[in-house]
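The values are calculated or read from the model by the stated rules, or taken from the named source; none is laboratory data. These numbers come from a predicted model, not from an experiment. All Cβ positions, glycine included, derive from the backbone under ideal geometry; neighbour counts span all protein chains shown.
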Protein chains: 2
Amino acid sequence: MKRRDFITTAVLGAGTLAFSGCHRAEKQTAENTVNINKGKKVTLKLATSWPAHFPIMGTGVDTFAKRCFELSGGTLEIKVYPKNILVPALQVFDATSAAQIDAFHSGVYYWKGKNPAFSIFGGMPLGLLSEEMITWFKFGGGYELWREMYGKFNLYPLIGGTTGPQMGGWFKKEINSLSDLKGLKMRIPGLGGEVMKKLGVNPVLLPAGEIYTALERGTIDATEWVGPALDSMMGFDKAAHYYYTGWHEPGSILEITFNKARWEKLSPEHQAIITAASEEMTGTMLQEFRYKNAKALQELPDYVQIKNFPPEFFTAAKKALREVLAEQSRESADFKRVLESYQSFYALNEPWSDISTKHLLEIRN
Amino acid sequence: MKRRDFITTAVLGAGTLAFSGCHRAEKQTAENTVNINKGKKVTLKLATSWPAHFPIMGTGVDTFAKRCFELSGGTLEIKVYPKNILVPALQVFDATSAAQIDAFHSGVYYWKGKNPAFSIFGGMPLGLLSEEMITWFKFGGGYELWREMYGKFNLYPLIGGTTGPQMGGWFKKEINSLSDLKGLKMRIPGLGGEVMKKLGVNPVLLPAGEIYTALERGTIDATEWVGPALDSMMGFDKAAHYYYTGWHEPGSILEITFNKARWEKLSPEHQAIITAASEEMTGTMLQEFRYKNAKALQELPDYVQIKNFPPEFFTAAKKALREVLAEQSRESADFKRVLESYQSFYALNEPWSDISTKHLLEIRN
């Protein structure tokens with residue numbers, strides 16, 4: 001899931017000043033609590049990029065907060081604010097960086113404007129699945145790089161869930177060749193969008209609330225979103241009948257990210273509680289996406305046709321992706337560094353993945 | 001301290017009668033502490049089926065115990081006893097059931113003698129991968145059945161890690177046809193062993209410490225174990241050069257299981273801590289197995305040949321598995337019930353798995 005609607009600039013403008021005042025008060029409290037932490041209640045404000053109780057992602061962070069409260073015997077309260085209540089959906093990074101709020105829950109792919117390298121932490125087209133991404137973070141050096149680079153923004157990131165494999169999107173017309181993609185207007189952000197651009201697609205960005213109408217009216221020809229569970233809620237199947245299997249988001253990573261100074265002032269116990277709860281959230285979200293996607297797939301109307309892109313698409317998409325990665329590596333030393341770490345893990349993982357996961361999925365049917 | 005430390009090896013040896021008395025005393029202590037739990041220290045004894053600090057599984061449970069201590073601010077201490085210290089490796093189920101110890105960490109596949117249905121909770125040949133198994137437990141009804149059936153043994157189970165995909169095993173000779181399997185002596189337990197038996201293999205059980213010598217001397221012709229990381233430590237590559245890809249353990253589940261009465265007397269906070277720490281352990285173990293298997297695979301000697309079983313093997317193995325499952329369903333109503341739940345989730349999951357995970361692994365290379 002990608003870009004979301006912004007709150008009005010008026011509110012955003014008004015917020016900044018108010019938050020600054022808020023920040024100073026919060027900071028003082030944090031400093032005080034560090035010495036009297038044991039058994040004392042700590043309250044953290046966490047803003048998300050999702051509507052209140054948004055399925056799977058939003059309810060996931062609600063459960064995470066509840067879990068932190070339980071695990072701490074009530075000494076750690078994380079107040080979850082849906083998008084646009086405290087901070088506009090896509091201002092949560094800046095607001096946490098500036099200590100206007102303590103933490104946020106969002107998707108890593110939103111912040112490539114801050115540093116192009118961040119898009120890799122969010123996931124790679126035609127790349128690692130969720131479980132493999134997390135292995136890279138924990139055992140392959142991904143976390144070290146992420147924390148180093150977020151550290152420059154005074155942020156401390158944790159993996160805060162993952163969507164599992166996403167679908168390729170909804171198309172009004174069937175795609176039988178690369179030429180069918182030329183000139184197509186498609187809502188698709190991120191590295192996937194840049195690959196599509198090289199294939200002649202015109203990638204457009206739209207707030208969530210406008211996608212269905214644009215697709216239904218033919219203002220756009222196609223859109224990607226997440227997978228069957230969340231796509232069904234958006235009603236896309238009513239506006240486009242060809243549902244393409246995924247390639248550009250095989251394992252998107254969400255994040256629970258804290259203001260670094262605030263994080264460092266938490267007690268080791270509260271840090272451990274947040275970390276363990278985020279791990280639990282990540283596993284459960286992956287499983288919940290699997291279960292609900294499987295169910296929603298079964299319930300799609302009969303007129304929906306599940307399609308794979310033609311083989312020539314993948315050949316062209318891989319070539320285009322290599323070009324995009326080379327371009328971004330030239331432009332950003334950080335991107336190059338993170339890409340090298342990712343690719344090194346990919347090379348290590350692939351032979352094992354081939355003879356284990358892939359082999360087992362192929363033989364079992 | 002919540003539980004007295006009075007079970008000595010001598011007492012353990014003294015038998016059931018002594019334990020019954022012991023159990024009643026323990027119960028009373030637990031009931032008293034339930035009201036004064038908050039902030040009071042609880043100590044639990046957990047026995048494992050692994051040697052001390054055994055890689056990945058043993059270190060996993062060490063980390064789990066450490067995490068419970070951290071999360072509880074030191075109020076929950078889980079003392080981990082490697083196999084044969086408090087209880088023999090395969091007596092941990094009975095000892096926990098009888099409240100001689102509080103909990104155990106082991107593999108679910110060990111307990112099919114208690115109830116044939118338990119083998120399904122441990123994993124299914126040619127079946128679900130770890131992440132899919134866990135989804136079945138949490139969202140498809142697996143946990144309810146497991147807890148109901150373990151409840152009859154006064155046990156409360158939690159998933160306590162998973163090995164991820166295992167390999168098919170080490171063979172001294174290449175397997176080019178089904179006839180190459182006839183009369184082969186192979187160390188292979190569980191449902192996989194029963195399938196192999198129907199294909200003419202003579203499955204044998206051997207203690208871990210005797211497998212290498214048996215393979216090296218030709219007393220057995222083949223053995224399965226886990227995967228590259230743990231197999232390398234056993235030196236199997238020195239005794240057999242054909243390493244077959246996996247089919248019989250696609251997602252084996254380990255367990256952290258508690259004496260149920262003891263579990264129910266824990267505070268909600270300590271229950272939440274154990275649950276969250278077990279979830280963290282499960283994710284991390286899967287990722288650690290992936291990373292270390294990938295590394296160990298790269299480091300295998302050149303003379304090791306990685307092989308797939310021939311296609312006719314899978315046709316025959318699927319037929320044999322259907323027979324084994326039908327036989328066990330006739331013999332055990334519990335087996336039939338758990339199998340139906342498993343198969344119902346499998347049927348739901350498979351179409352989504354096909355167009356997501358499997359598709360993504362196939363297109364990315």
Hits in the stretch B:114-151 - residues which are more than 25 Å from residue A:130 (Cβ to Cβ) and among the β-branched types (Val, Ile, Thr) = B:120
inquiry  = Considering only the stretch A:330-337, I want to know if a residue exists there that is within 13 Å of another protein chain (Cβ to nearest Cβ) and either touching a helix residue (DSSP H, G or I) at 6+ places or on another chain (Cβ under 7 Å) or assigned to a loop (DSSP other than H, G, I, E, B) (or both).
reply    = no
task = Determine whether the stretch A:222-240 contains at least one residue that is among the charged types (D, E, K, R), within 12 Å of chain B (Cβ to nearest Cβ) and on the phi < 0 side of the Ramachandran plot.
result = no
Failed item in (1) at pLDDT 95 or above; (2) closer than 25 Å to residue B:89 by Cβ, with residue B:207 passing the rest = (1)
inquiry  = Is it the case, given these coordinates, that residue A:348 is within 21 Å of residue A:139 (Cβ to Cβ), crowded, with 17+ Cβ neighbours inside 10 Å and touching a helix residue (DSSP H, G or I) at 6+ places or on another chain (Cβ under 7 Å)?
reply    = yes
task = Please indicate, with yes or no, whether at least one residue in the stretch A:90-98 is modelled with pLDDT under 95 and away from every other protein chain (no Cβ under 14 Å).
result = yes
ask   = Restricting attention to the stretch B:293-316, does a residue exist that is in a helix (DSSP H, G or I) and over 24 Å from residue A:357 (Cα atoms)?
value = no
message = Can you pull out every residue in the stretch A:44-87 that is on the phi > 0 side of the Ramachandran plot and either assigned by TED's automatic domain parsing to the domain that holds residue A:226 or surrounded by fewer than 18 Cβ atoms within 10 Å (Cβ to Cβ) (or both)?
response = A:53, A:74
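Which of the residues spanning the stretch A:248-278 are within 11 Å of chain B (Cβ to nearest Cβ) and either more than 21 Å from residue A:74 (Cα to Cα) or free of Cβ contacts under 8 Å to residues at least 12 places away in the same chain (or both)?
Result: A:248, A:249, A:250, A:251, A:268, A:271, A:272.
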query = Looking at (1) farther than 30 Å from residue A:261 by Cβ; (2) more than 14 Å from chain B (Cβ to nearest Cβ); (3) of a type in the set (Asp, Glu), can you tell me which one residue A:148 breaks?
reply = (1)
ask   = Would you pick out the residues in the stretch B:202-245 that are β-branched (Val, Ile, Thr), part of a helix (DSSP H, G or I) and in contact with a strand residue (DSSP E or B) (Cβ under 7 Å, 6 or more places away or on another chain)?
value = B:211
inquiry  = Of all residues being within 22 Å of residue B:291 (Cβ to Cβ) and free of Cβ contacts under 8 Å to residues at least 40 places away in the same chain in the stretch A:147-167, which is surrounded by the fewest Cβ atoms within 10 Å (Cβ to Cβ)? Just the residue, please.
reply    = A:148
remark   = So the strands (runs of 3 or more DSSP E) completely within the stretch B:108-199 holding 3 or more residues that are in contact with a Phe, Trp or Tyr (Cβ under 7 Å, 6 or more places away or on another chain) are B:155-162, B:169-171
request  = With the checklist (1) within 19 Å of residue A:250 (Cα to Cα); (2) of a type in the set (D, E, K, R); (3) surrounded by fewer than 23 Cβ atoms within 10 Å (Cβ to Cβ); (4) within 11 Å of chain B (Cβ to nearest Cβ) in hand, flag the one item residue A:364 doesn't pass.
outcome  = (1)
task = Examine the stretch A:283-297 for a residue that is within 9 Å of chain B (Cβ to nearest Cβ), within 19 Å of residue A:135 (Cα to Cα) and among the acidic types (Asp, Glu), and state whether such a residue exists.
result = no
message = With within 21 Å of the chain's Cα centre (by Cα), touching a residue at least 24 places away in the same chain (Cβ under 8 Å) and over 27 Å from residue A:66 (Cα atoms) as the only criterion, which of A:321, A:300 stands out?
response = A:321
query = Within the bounds of the stretch B:318-326, is there any residue that is in contact with a Phe, Trp or Tyr (Cβ under 6 Å, 6 or more places away or on another chain), at pLDDT 95 or above and either outside any helix (DSSP H, G or I) or buried (at least 18 other Cβ atoms within 10 Å of the Cβ) (or both)?
reply = no
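Which one of these is among the small types (Gly, Ala, Ser) and either in the same structural domain as residue A:99 (by TED's automatic domain parsing) or crowded, with 21+ Cβ neighbours inside 10 Å (or both): A:239, A:208, A:261? I'd like the intermediate steps shown before the answer.
Numbers: A:239 fails: either in the same structural domain as residue A:99 (by TED's automatic domain parsing) or crowded, with 21+ Cβ neighbours inside 10 Å (or both); A:208 fails: either in the same structural domain as residue A:99 (by TED's automatic domain parsing) or crowded, with 21+ Cβ neighbours inside 10 Å (or both).
On inspection, the qualifying residue turns out to be A:261.
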